[in-house]
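What follows is a single structure, and I will ask about it in a moment.
The values are calculated or read from the model by the stated rules, or taken from the named source; none is laboratory data. If you're wondering where the values come from, they're calculated on a predicted model, not measured in any experiment. All Cβ positions, even for glycine, are placed from backbone atoms using ideal geometry, and neighbour counts span all protein chains on display. We work out accessible area using only protein heavy atoms, side chains counted, and drop any ligands, DNA or RNA first. Shrake-Rupley method; radii C 1.70, N 1.55, O 1.52, S 1.80 Å.
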Amino acid sequence: MSTDNTEAGLNLTELLTEFPEMSRGDLRDFKKGIDETFRDFTREWGESIEGFFVPLLKILVWFEKLVVATPWPLMIVILAALVYAGARSWGLVAGTVASLLVIGYLGMWEDMMFTLALISVATALCIIIGIPLGILMSKSDRTQAVITPVLDFMQTIPSFVYLIPILMLLGIGKVPGLIAVCIYAIPPVVRLTNLGIRLVDKDVLEAADAFGASPRQKLFTVQLPLALPNIFAGVNQTIMMALAMVVVAALIGVQGLGSEVLKAVNNQYLALGLMNGSAIVAIAIVFDRVSQKFGKRLQKHSEVIHG
Amino acid sequence: MADNSIEVKNLYKIFGAHGEKYIEAVENGMSKDDLNAKHGHVLGLKNINIHMPSAKIQVIMGLSGSGKSTMIRHINRLIDPTAGEVIFQGEDVCKMSKADLQEFRRHKTAMVFQKFALLPHRTVVDNTVFGLELQGVDKKERHDRAMHWLKRVGLEGFENNYPNQLSGGMQQRVGLARALTNDADILLMDEAFSALDPLIRMDMQTILLELQKDLQKTIVFITHDLDEALRLGDQIAILRDGAVIQQGTGQEIVLNPADSYIADFIKEVNRGRVIRVDTIMTGANGGSSITIPSGSRLEHAAKLMVESGEAEANIVDDKNSAIGAITLKSAIDAMVTPAAH
């Protein structure tokens with residue numbers, strides 16, 4: 001009896017101190033199974049998926065070539081005009097032109113153009129996919145319940161982790177970089193489109209119903225216009241997050257300011273890192289101020305003049 | 001003229017997952033509190049029967065929670081009934097398909113809301129064209145029609161302002177212009193003037209009464225204010241706890257309140273503005289130099305008599321022939337004596 005008790009005691013201690021792990025062999029097979037399955041999937045579908053993204057690659061390459069080939073003075077004028085059109089502020093135009101000149105003078109013009117091209121295409125892609133997705137989410141609580149955790153996942157998982165399957169599927173290049181940026185940057189525009197539509201005043205919606213608006217008319221004449229300030233805040237966040245991803249995108253072969261930062265990290269070039277990093281910050285500030293001011297202008301109608 | 005009366009028949013609304021299950025219980029006298037406590041359902045409307053006359057103003061009056069806002073939303077079916085019918089031009093609104101209902105809302109009804117419910121991102125004129133835009137009327141025509149009505153409600157010159165730049169009273173004029181621009185047979189007004197301060201409210205009532213002289217629409221007007229109800233309503237229905245407790249003209253209600261609840265309500269009413277001379281006139285004797293048209297209110301009649309120094313007046317019909325007479329004393333008596341109850 002007594003020996004039995006001691007043995008049981010020993011087993012219990014062992015059970016509490018040692019985690020009951022899967023056996024080493026099983027674990028290896030488990031991981032291998034997943035890897036192999038995905039590799040098979042890649043072999044089977046990799047080419048067609050790559051083919052699917054060819055148009056995207058063409059657009060990105062075309063756009064990159066366009067901005068790089070545009071003579072720098074013309075580019076500065078175009079950017080200054082865009083800034084003015086968005087923000088209606090001469091101060092911001094002056095700041096933008098000054099930072100562009102400094103960046104160019106310090107030899108980062110071409111890299112900056114690559115980065116601008118990537119951010120522009122990524123943002124456009126996020127908007128094209130994100131806004132309809134947000135609308136869909138706002139239409140039904142069930143869709144919202146399905147999409148929200150996916151967005152949470154996309155925002156919290158370390159970006160290096162989803163680089164692995166992207167690399168396995170598409171290899172190194174511009175498109176995988178673009179996709180990685182979009183995965184990280186798309187959640188805000190989806191979330192805020194959804195939120196914006198859900199926050200639209202119920203009384204106004206009821207009025208639209210009372211006047212016989214079809215669901216489509218309601219979306220385009222009431223819901224989207226009233227949600228626009230929120231949607232715009234989402235677009236602003238999306239741009240900021242896309243900029244934050246340029247260094248990670250450089251890891252899988254995207255040329256631009258990010259790849260220079262990466263080079264600086266690998267070789268401990270302090271000056272190179274600081275310069276390119278500051279250039280990214282400058283672009284971020286310009287994008288942020290312009291899109292915020294534009295968003296504010298969209299809400300001009302809400303100024304209360306009469307008390 | 002087309003018959004644009006609205007017939008509400010046996011209308012029930014029970015809020016909750018299975019409202020239809022409890023209609024019988026409510027018919028058998030289950031109270032609102034019991035229904036809520038025992039079954040978790042809320043009684044909204046209970047066996048409503050109202051004939052809303054064509055081209056007249058039907059007021060539905062009640063305090064908050066009486067079901068009046070629920071009631072008006074059944075006419076354009078913003079709320080689906082649990083049982084019952086709402087008949088307009090021979091068709092039951094409650095049985096319309098989605099597409100028919102959309103057409104019905106676009107062309108037959110227009111609504112004015114308590115909180116205005118204007119589109120904040122659109123200018124006054126762009127708000128006013130809203131109904132026509134949904135109907136697909138072309139740009140030029142809808143703009144012209146909107147401008148016509150903006151002028152009628154006194155908003156000329158404000159067409160390019162945003163709603164937020166206007167006062168409450170002006171915003172509600174936009175709401176009214178938006179509804180009128182639709183040129184629908186039915187005008188639904190859900191506490192349309194309740195959010196406005198008293199002077200502006202009187203103003204808006206005057207505008208509405210003026211407009212109604214030409215418009216001759218079937219107006220359903222919701223209010224919690226008895227003075228407003230008496231001033232506007234050709235017909236008044238009083239709701240309490242989701243049921244109609246009395247309906248009739250303002251005068252009928254003031255002279256014969258159905259129960260003590262209504263009697264309490266009308267205690268403070270200015271009876272001189274409700275009771276008509278026809279109610280108290282006696283046989284014509286032609287002994288007076290002043291005449292008062294039939295249908296005038298007592299206050300108006302008393303004023304005329306006092307101003308002319310006469311103690312008596314003849315009541316004449318629209319052909320100017322005498323049909324009766326009143327004395328100043330009888331007029332004042334009727335104005336100060338509460339109804340017997």
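Can you pull out every residue in the range A:193-217 that is more than 7 Å from chain B (Cβ to nearest Cβ) and either assigned to a loop (DSSP other than H, G, I, E, B) or open to solvent by less than 40 Å² (accessible area, probe 1.4 Å) (or both)?
Result: A:T193, A:N194, A:G196, A:I197, A:L199, A:V200, A:D201, A:L205, A:A208.
Go through the range A:232-289 and report how many residues are outside any helix (DSSP H, G or I), farther than 28 Å from A:G86 by Cβ and under 17 Å from the mean Cα position of the chain (by Cα).
Adding up the residues that qualify gives 1.
Take B:N127 and decide whether it is within 12 Å of another protein chain (Cβ to nearest Cβ), in contact with a helix residue (DSSP H, G or I) (Cβ under 6 Å, 6 or more places away or on another chain), more than 16 Å from B:N4 (Cβ to Cβ) and in contact (Cβ under 8 Å) with a residue 40 or more places away in the chain.
Against the criterion (within 12 Å of another protein chain (Cβ to nearest Cβ), in contact with a helix residue (DSSP H, G or I) (Cβ under 6 Å, 6 or more places away or on another chain), more than 16 Å from B:N4 (Cβ to Cβ) and in contact (Cβ under 8 Å) with a residue 40 or more places away in the chain), B:N127 qualifies.
Find the residue count for the range B:50-104, including only residues that are hydroxyl-bearing (S, T, Y), within 14 Å of B:A243 (Cα to Cα) and either touching a helix residue (DSSP H, G or I) at 6+ places or on another chain (Cβ under 8 Å) or at pLDDT 95 or above (or both).
0
For A:G258, indicate whether it is in contact (Cβ under 8 Å) with a residue 24 or more places away in the chain and farther than 24 Å from A:N194 by Cα.
yes
Yes/no matrix, rows are residues, columns are (1) touching a residue at least 24 places away in the same chain (Cβ under 8 Å); (2) closer than 26 Å to A:V261 by Cβ; (3) open to solvent by less than 20 Å² (accessible area, probe 1.4 Å):
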| position | (1), (2), (3) |
| --- | --- |
| A:L79 | no, yes, no |
| A:A85 | no, no, no |
| A:R88 | yes, no, no |
| A:L100 | yes, yes, yes |
| A:G104 | yes, yes, no |
| A:D111 | yes, yes, no |
| A:T115 | yes, yes, yes |
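Separate question: Please tell me if B:L78 is free of Cβ contacts under 8 Å to residues at least 12 places away in the same chain, outside any helix (DSSP H, G or I) and within 14 Å of chain A (Cβ to nearest Cβ).
Against the criterion (free of Cβ contacts under 8 Å to residues at least 12 places away in the same chain, outside any helix (DSSP H, G or I) and within 14 Å of chain A (Cβ to nearest Cβ)), B:L78 qualifies.
Looking at (1) over 21 Å from the mean Cα position of the chain (by Cα); (2) within 9 Å of chain A (Cβ to nearest Cβ); (3) of a type in the set (G, A, S), which is the one condition that is false for B:G90?
So B:G90 meets the others, but not (2).
Please state which one of B:S64, B:S69 is under 16 Å from B:G44 (Cβ atoms), open to solvent by 30 Å² or more (accessible area, probe 1.4 Å) and not in a loop (DSSP other than H, G, I, E, B).
B:S69
Within the range A:155-162, can one find any residue that is open to solvent by 40 Å² or more (accessible area, probe 1.4 Å) and within 24 Å of A:G295 (Cβ to Cβ)?
The answer is yes, given that some residue of the range A:155-162 is open to solvent by 40 Å² or more (accessible area, probe 1.4 Å) and within 24 Å of A:G295 (Cβ to Cβ).
Any residue at all in the range A:182-192 that is more than 14 Å from every other protein chain (Cβ to nearest Cβ), open to solvent by 40 Å² or more (accessible area, probe 1.4 Å) and either free of Cβ contacts under 8 Å to residues at least 24 places away in the same chain or of a type in the set (S, T, Y) (or both)?
The answer is yes; a qualifying residue exists.
Matching residues to (1) surrounded by 13 or more Cβ atoms within 10 Å (Cβ to Cβ); (2) closer than 28 Å to A:L205 by Cα; (3) not aromatic (F, W, Y):
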| position | (1), (2), (3) |
| --- | --- |
| B:H18 | no, yes, yes |
| B:Y22 | yes, no, no |
| B:G29 | no, no, yes |
| B:A37 | no, no, yes |
| B:L45 | yes, yes, yes |
| B:S54 | yes, no, yes |
| B:K95 | no, yes, yes |
